[in-house]
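What follows is one structure encoded as structure tokens, with my remarks underneath.
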């Protein structure tokens with residue numbers, strides 16, 4: 001067997017092994033980037049919704065989503081999340097604003113991810129600021145990435 005034939009055979013083997021490894025390594029990078037962008041858009045949707053309406057806030061939540069409120073209360077389902085948020089937007093959190101920043105996205109599987117978000121709610125007088133860390137579990141459904149579970153935890157002031 002001549003050097004060119006060995007070289008071609010070696011290259012075919014290399015390409016085959018590379019393709020095989022890519023097939024078993026999870027999502028292709030471009031798909032993962034698109035998925036991360038969609039998840040970031042869902043977080044942005046919540047931020048926009050907080051500053052607009054309960055319906056917009058709840059839009060990225062799955063119909064059967066689990067939601068743990070910052071005070072430890074538990075809400076089940078998209079409709080309850082929407083109604084509960086509209087109620088607080090009309091009362092205790094009227095004229096507050098929310099800023100959300102995605103800190104980390106970690107894929108547990110190609111269709112399941114944990115998203116950590118820092119949040120800051122500013123009161124209507126701008127002198128009351130509340131910080132939170134939010135843990136979100138998102139699942140990829142036929143209509144996009146939806147929030148399956150949401151845990152909101154207050155960050156205690158330091159010092």
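Every read-out reported here was derived from the displayed coordinates using simple, explicitly stated rules and does not represent laboratory data. This structure is a prediction, so every number in the text was calculated from the model and none was measured. Positions of Cβ are generated from backbone atoms using ideal geometry, with glycine treated the same way; all protein chains shown enter the neighbour counts.
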Could you give the distance between the Cα centres of the range 36-61 and the range 110-159, to the whole Å? 11
Please order 138, 46 by the number of other Cβ within 10 Å, starting at the fewest. 46, 138
